[in-house]
């Protein structure tokens, strides 16, 4: 699948998202912050980080913005609304909402890999409100909720 993408002026010069390895599921998104600046993400704070990218996800799919495991492990930095969704009809700049759950400030610089982007099927669906409780069927789990399947 080919996805049309446009780099905004503040994103020009940055690499387009790319797979880091041959079998990677997601492509790395980069911070499109001004050259020479460092944005501090203090412990407990969050910040919307631009990528400089506008894209056209095809109908029937969604873009999923997910955390990078290395940032989470080493610095406690993750995507706050993970996974963030890019809808097929969204044509604004892709931005990443980062949060610092770590104990030290984290400095963001231009071009830093800040998140992963996956493109996945998103089925269209509608409610069938005429269903009765009995018509939903029985399962082994039934109505068991939080903690009902074990630890």
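The values are calculated or read from the model by the stated rules, or taken from the named source; none is laboratory data. Not measured: the values here are computed from a predicted model. For neighbour counting, all protein chains shown are included, and Cβ atoms are generated from backbone atoms with ideal geometry for every residue, glycine included.
From the list 53, 16, 71, the lone residue that is under 18 Å from the mean Cα position of the chain (by Cα) and without any contact (Cβ under 8 Å) to a residue 40 or more places away in the chain is 16. Within the range 95-113, being in contact with a helix residue (DSSP H, G or I) (Cβ under 6 Å, 6 or more places away or on another chain) and part of a loop (DSSP other than H, G, I, E, B) holds for one residue alone: 102. Which one is surrounded by the fewest Cβ atoms within 10 Å (Cβ to Cβ), of the residues in the range 47-72 that are closer than 14 Å to residue 5 by Cα and touching a helix residue (DSSP H, G or I) at 6+ places or on another chain (Cβ under 7 Å)? Among those that are closer than 14 Å to residue 5 by Cα and touching a helix residue (DSSP H, G or I) at 6+ places or on another chain (Cβ under 7 Å), it is 53.
Select from the range 120-130 the residues that are in a loop (DSSP other than H, G, I, E, B) and loosely packed, with under 10 Cβ neighbours inside 10 Å and write down the one among them that is modelled with the lowest pLDDT. The qualifying residue modelled with the lowest pLDDT is 130.
Restricting attention to the range 73-87, report how many residues are buried (at least 17 other Cβ atoms within 10 Å of the Cβ) and either over 19 Å from residue 42 (Cβ atoms) or touching a helix residue (DSSP H, G or I) at 6+ places or on another chain (Cβ under 8 Å) (or both). Adding up the residues that qualify gives 5. Out of all the residues in the range 35-43, is one or more more than 17 Å from residue 118 (Cβ to Cβ), out of contact with any strand residue (DSSP E or B) (no Cβ under 8 Å at 6 or more places or on another chain) and part of a loop (DSSP other than H, G, I, E, B)? Yes; the residues of the range 35-43 include at least one that is more than 17 Å from residue 118 (Cβ to Cβ), out of contact with any strand residue (DSSP E or B) (no Cβ under 8 Å at 6 or more places or on another chain) and part of a loop (DSSP other than H, G, I, E, B).
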